[in-house]
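What follows is a single structure, written as structure tokens, with notes after it.
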Amino acid sequence: MQYEEFREAGHYLVDYIADYLKNIDNKRLFTEINPAELYKLFEEAIPDNPKSLSEIQSTIEEKLIPYCTHVNHPGYMGLITPSPNPAGILADFLASALNQNLGAWSIGPSAVAMEREVIRWLTDMIGYNDKAGGNLTSGGMMANFIGIKLGRDWTTKDHAQHEGLQGKWAVYVSEERHVSIDKAVDAVGIGRDFLRTLPTNEKYQLQIDALEEAIARDKENGVRPICIVGLAGTTNLGASDDLEALGSIAKRENCWLHVDAAYGGGMLLSNKYPGQLKGIHLADSVTIDPHKWFYAPLDAGAILVKDHDRLTKSFGIQPAYLTDQTSQKNERYLFYVHGFEQSKRFRSLKVWMSFHHYGKTQIGEWVDNNIGQAKYLHQMVIAEDIFESATEPMMSAICIRYKAGDLTKQQLSKLHFDVAAQIESEGQFWFATTEMKGKTWFRINPVNIRTTQQHMEQLYQVLKQKCKQAEVEIRREMITA
Ligand SMILES: Cc1ncc(COP(=O)(O)O)c(C=O)c1O
């Protein structure tokens, strides 16, 4: 091991990253290169000709960095991947060096203690008491999977872990759910045909009467409720269900309530909009992704559980080779006994360092700035009659669509896809498109420390100009067709 080379390359890399972040506004946000060229660029046999770290760094600067999607760029307002905070970046560097394996106490005592404390911060934010527990995961997908499995196991009185699922059971969620819920009901053996995806109201919240009807219909047909999933921040729009109503229905039906706050969990940090996730403490389990709206670098998701014992009941299998025989009073916590993953990266370090470096109030200010930016765009939209905004933003996600009177649904969809693609190709902004209630929308979602209201103004001007131009082209094609 050449420590001096490591030291030199490391110093260079930290300088490189500091400059990268400082000058991020000058970068083209999204690459122009086509996928085939990129695959070609990386095509080579397994290297067997050792190179210096500085040579490798040059190759990285030449082949990798120019073709990244620069989510740190203030114009990135796309799929929910934040600009990572710099303290979190350093934390991940150190976590790799220490390589603590959080599965077992014996491979990271202080890291396990830190992780448990970070989990406690998150459960405190929800309003759980000290019976609560949890686990940091690769993200919301895995956390939702664990939440649904916990629900399956609790509602079936811990039989499903052994016998498999007996009888017919259903899971209830709004049509605005994230796809992780569909994957989870499949993975735990409930079956996607038993996922009831229910309509939403004008604010894109689950319609409670539709939920009541679906449960009643199922029960008449011998299908029992196993889990209700509440959404606290939908992927499309940041809509939050009536969690108090869901809590009382789940209690009455004796089934599990899981709340997906993968994105919306950031609202728990907001200084300006407290109490937006009212009722979240009623959930039996909650997903929150620090790698979304806590501005932590990937990956850091979390499953948080009201009663820690449920984790042990669902996952507590302890083979001899993983039993910690030296733990006299059972105080050497083994994450793998209380979770799905075994080898587990030291994810809490970046969350811990972020809170220590910036403090909760500052992170909450970033959240509030992002909410303000979405609301500002909404105000610009409703002040003119060019776009429609799905609803007043409740979080930092906003969906808008171009109004072009008599164009067909297909023409309008194409217009939105074409404009998004054009804006992507210009490299100043990136946002997604989506479908809601049968219509195509631009989905714009700042989760970014560097975005300002000025960027929203610029984006709005670009959208207006591009959409009008695209409409003219479509009409011209209609005349010539
Ligand atoms: C509401 C919601 N749940 C779950 C997920 C999945 O999270 P991850 O991508 O961290 O696995 C997402 C991702 O955007 C989400 O928006």
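The values are calculated or read from the model by the stated rules, or taken from the named source; none is laboratory data. Please read all numbers here as calculations on a predicted model, not as lab measurements. Because the Cβ atoms are built from the backbone with ideal geometry, glycine has one as well, and the counts that use them run over all protein chains shown.
(1) under 15 Å from Lys313 (Cβ atoms); (2) in contact with a strand residue (DSSP E or B) (Cβ under 7 Å, 6 or more places away or on another chain); (3) surrounded by fewer than 16 Cβ atoms within 10 Å (Cβ to Cβ): which one isn't true of Lys168, the others all being true?
Against the list (1) under 15 Å from Lys313 (Cβ atoms); (2) in contact with a strand residue (DSSP E or B) (Cβ under 7 Å, 6 or more places away or on another chain); (3) surrounded by fewer than 16 Cβ atoms within 10 Å (Cβ to Cβ), Lys168 comes up short only on (1).
Do any residues in segment 245-266 that are more than 26 Å from Ser396 (Cβ to Cβ) have Cβ atoms under 6 Å from those of residues that are assigned to a helix (DSSP H, G or I) and within 16 Å of the ligand (Cβ to nearest atom), where the two are at least six apart or on different chains, and which pairs are they?
Trp256/Gly151
Confirm whether Gln166 is over 22 Å from Thr391 (Cβ atoms) and not charged (D, E, K, R).
Details: over 22 Å from Thr391 (Cβ atoms): yes; not charged (D, E, K, R): yes.
Yes; evaluated as a whole, the condition is true for this residue.
Within segment 144-165, how many residues turn out to be surrounded by 21 or more Cβ atoms within 10 Å (Cβ to Cβ) and without any contact (Cβ under 8 Å) to a residue 12 or more places away in the chain?
0
Results for (1) at pLDDT 95 or above; (2) small (Gly, Ala, Ser); (3) under 14 Å from Leu102 (Cβ atoms), shown as yes or no for each residue.
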position: Arg310; (1), (2), (3): yes, no, no
position: Ser314; (1), (2), (3): yes, yes, no
position: Tyr321; (1), (2), (3): no, no, no
position: Trp366; (1), (2), (3): yes, no, no
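Please work out if Leu257 is within 16 Å of the ligand (Cβ to nearest atom), more than 16 Å from the chain's Cα centre (by Cα) and either surrounded by 24 or more Cβ atoms within 10 Å (Cβ to Cβ) or modelled with pLDDT of 95 or more (or both).
On the way: within 16 Å of the ligand (Cβ to nearest atom): yes; more than 16 Å from the chain's Cα centre (by Cα): yes; either surrounded by 24 or more Cβ atoms within 10 Å (Cβ to Cβ) or modelled with pLDDT of 95 or more (or both): yes.
Against the criterion (within 16 Å of the ligand (Cβ to nearest atom), more than 16 Å from the chain's Cα centre (by Cα) and either surrounded by 24 or more Cβ atoms within 10 Å (Cβ to Cβ) or modelled with pLDDT of 95 or more (or both)), Leu257 qualifies.
Provide a single number: the residues in segment 427-481 that are more than 22 Å from Ile371 (Cβ to Cβ) and exposed (fewer than 15 other Cβ atoms within 10 Å of the Cβ).
15
Quick check on segment 273-286: of everything there that is away from the ligand (no atom under 14 Å from the Cβ) and more than 11 Å from Ala232 (Cβ to Cβ), which residue is surrounded by the fewest Cβ atoms within 10 Å (Cβ to Cβ)?
By that ranking, first place goes to Gly275.
Take Ser270 and tell me if it is within 16 Å of the ligand (Cβ to nearest atom) and either surrounded by fewer than 18 Cβ atoms within 10 Å (Cβ to Cβ) or more than 24 Å from Ile190 (Cβ to Cβ) (or both).
Values: within 16 Å of the ligand (Cβ to nearest atom): no; either surrounded by fewer than 18 Cβ atoms within 10 Å (Cβ to Cβ) or more than 24 Å from Ile190 (Cβ to Cβ) (or both): yes.
It is false that Ser270 is within 16 Å of the ligand (Cβ to nearest atom) and either surrounded by fewer than 18 Cβ atoms within 10 Å (Cβ to Cβ) or more than 24 Å from Ile190 (Cβ to Cβ) (or both).
For segment 126-143, state whether one or more residues are loosely packed, with under 15 Cβ neighbours inside 10 Å and polar (S, T, N, Q).
yes
So if I check each of Leu243, Leu231, which one is within 16 Å of the ligand (Cβ to nearest atom) and in contact with a Gly (Cβ under 7 Å, 6 or more places away or on another chain)?
Values: Leu231 fails: in contact with a Gly (Cβ under 7 Å, 6 or more places away or on another chain).
Going through Leu243, Leu231 in turn, just one is within 16 Å of the ligand (Cβ to nearest atom) and in contact with a Gly (Cβ under 7 Å, 6 or more places away or on another chain): Leu243.
Collect the residues in segment 105-125 that are under 20 Å from Gly230 (Cα atoms) and either surrounded by 15 or more Cβ atoms within 10 Å (Cβ to Cβ) or of a type in the set (Phe, Trp, Tyr) (or both), keeping them in residue-number order. Walk me through it before giving the result.
First, pick out the residues of segment 105-125 that are under 20 Å from Gly230 (Cα atoms): 122-125.
Matches in segment 105-125: Leu122, Thr123, Met125.
Grab the helices (runs of 4 or more DSSP H) fully contained in segment 61-165, keeping just those with 3 or more residues being charged (D, E, K, R).
Numbers: elements: 86-98, 109-126, 140-155, 160-163.
Counting at least 3 such residues, we get 109-126, 140-155.
Taking the condition of being closer than 23 Å to Ala261 by Cα and in contact with a helix residue (DSSP H, G or I) (Cβ under 6 Å, 6 or more places away or on another chain), how many residues in segment 362-388 meet it?
Selection size over segment 362-388: 4.
Take the conditions at pLDDT 95 or above, in contact with a strand residue (DSSP E or B) (Cβ under 9 Å, 6 or more places away or on another chain) and part of a helix (DSSP H, G or I) and apply them to Leu237. Does it pass? Steps first, please.
Details: at pLDDT 95 or above: yes; in contact with a strand residue (DSSP E or B) (Cβ under 9 Å, 6 or more places away or on another chain): yes; part of a helix (DSSP H, G or I): no.
In short, no.
Within segment 168-180, track down each residue that is in contact with a helix residue (DSSP H, G or I) (Cβ under 6 Å, 6 or more places away or on another chain) and more than 8 Å from the ligand (Cβ to nearest atom). First the steps, then the outcome.
Within segment 168-180, the subset in contact with a helix residue (DSSP H, G or I) (Cβ under 6 Å, 6 or more places away or on another chain) is 170-173, 180.
Answer for segment 168-180, where residues must be in contact with a helix residue (DSSP H, G or I) (Cβ under 6 Å, 6 or more places away or on another chain) and more than 8 Å from the ligand (Cβ to nearest atom): Ala170, Val171, Tyr172, Val173.
Just one of Leu165, Leu136 is more than 24 Å from Ala245 (Cα to Cα), touching a helix residue (DSSP H, G or I) at 6+ places or on another chain (Cβ under 8 Å) and within 16 Å of the ligand (Cβ to nearest atom); which is it? Write out each step before concluding.
Details: Leu165 fails: within 16 Å of the ligand (Cβ to nearest atom).
Just a single option satisfies the conditions, and that option is Leu136.
Can you tell me how many residues in segment 183-242 are among the small types (Gly, Ala, Ser), in contact (Cβ under 8 Å) with a residue 24 or more places away in the chain and buried (at least 16 other Cβ atoms within 10 Å of the Cβ)?
So the answer is 8.
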